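Below you'll find the structure, written out as structure tokens, and then a few comments.
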Amino acid sequence: MIRKPQLSKDEVILEQRKERILSHLKKCRNRYSSVYNLIEDSPEDAIILFEHLLLDLLNAALLISKNREVTDLVNAEREIRKAQDYNLKNNYIEILTFYQKWQTSPERKLPGRMINNLHHSINRFFRALEHSYYTLKEKELNTKLDEYRERLKHQLIVFFLIILFVGVSSIFGVHIFRSYNRTRMNPLVKQHMLEIAEIAYKAKEANKTALIDITGSTCSDCACRDLLDLRGIDDSHPCAKKWYSAIKSIWNEITEESGPPDRFLRDAWDSPYQLDENENEFDNSPWRNDILLSAGQDGKRGTADDIEVQIKNVFY
């Protein structure tokens, strides 16, 4: 934890001076914003504010160069020459000349070109002011508080980067985990589904009948089709019950052993498998294969991670 330093009396004076300069610069910018908003529609009001702005700009330059502030613009050109920065002097005199032309313009209205020139001149002066201030601050106004602020800023940046890194790592971590999980589990689920498909084919072959006659349904998975997420649905849900009934009927056709095993009931993401019995369902297309489906990692039917296995036909 960085502690805020105790300042000496001299450093307190320097900090007060910095605050005063920055406050003055902010005042100048706000004043100019008001002038700029009025200059086209209310030129009479704008020129009054502009006169105050000229005085503010002059005093900002004098404040930075350690000169006494003035109360009027009578000797503005002479006063600005006390400023140490060459750009400050030249830009201010340029703005002052513009003001004098403005005063004599008809109805105090200015053409667009002159307004643009004024805007550029004012902005150049602001840049010169800020440059002079930061040069002065670096040479004469630095205190222990500046070092504290820099260290605090650095600490906040580091903290922000850590938070950002943790956040990004978490996102990538989840993505990598899901990708790994899908890569690892998909082959296992596919293997279980192939086992189920083989058992279903054997059941059909042993009885020389289609699967619809074994399960007693032409669409065991119809109860699942409107569900948004099949993961973890209750065993009593029709989607799960229809599959459990179908796989039990298939299992009982080929063995007297108790079962079926748990791996045939749900996939690795806790969704019931789904079965669509198609062979011999319709007279005009009896060759369609029975389809076994897993909703995949996301538990949603019809998405890219679905796993589908066709069960071999016994008649076609």
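The values are calculated or read from the model by the stated rules, or taken from the named source; none is laboratory data. Keep in mind that what you see is a predicted model, and the values were worked out from it rather than measured. Cβ coordinates were reconstructed from backbone atoms using ideal geometry, including for glycine residues, and neighbour counts include every protein chain displayed.
A few remarks follow.
- Contacts under 9 angstrom Cβ, first residue in region 31-56 being in a loop (DSSP other than H, G, I, E, B), partner surrounded by 18 or more Cβ atoms within 10 Å (Cβ to Cβ), 6 or more apart: I39/A46; I39/I47; I39/F50; I39/L110; I39/L118; E40/A46; E40/L110
- Looking at D283, D229, D298, just one residue is modelled with pLDDT of 95 or more, in a loop (DSSP other than H, G, I, E, B) and either out of contact with any Cys (no Cβ under 7 Å at 6 or more places or on another chain) or surrounded by 21 or more Cβ atoms within 10 Å (Cβ to Cβ) (or both), and that residue is D229.
- From R113, R108, residue being modelled with pLDDT under 85, closer than 18 Å to E40 by Cα and surrounded by fewer than 13 Cβ atoms within 10 Å (Cβ to Cβ): R113
- Only residues that are polar (S, T, N, Q) and over 17 Å from M193 (Cβ atoms) were counted in region 258-302, giving 4.
- Scanning region 255-284 for residues that are more than 15 Å from I307 (Cα to Cα) and either outside the structural domain of T218 (by TED's automatic domain parsing) or acidic (D, E) (or both), we see that the one that is nearest to the chain's Cα centre (by Cα) is D262.
- Members of region 200-226 found to be more than 23 Å from R263 (Cβ to Cβ), in contact (Cβ under 8 Å) with a residue 60 or more places away in the chain and in a loop (DSSP other than H, G, I, E, B), listed by number: K208, T209, A210, T218, R225
- Contact annotation: residue pairs with Cβ atoms under 7 Å, 6 or more positions apart or on different chains, pairing a residue in region 186-199 that is under 17 Å from I254 (Cα atoms) and surrounded by 13 or more Cβ atoms within 10 Å (Cβ to Cβ) with a partner that is modelled with pLDDT of 95 or more and among the polar types (S, T, N, Q), are M193/S294.
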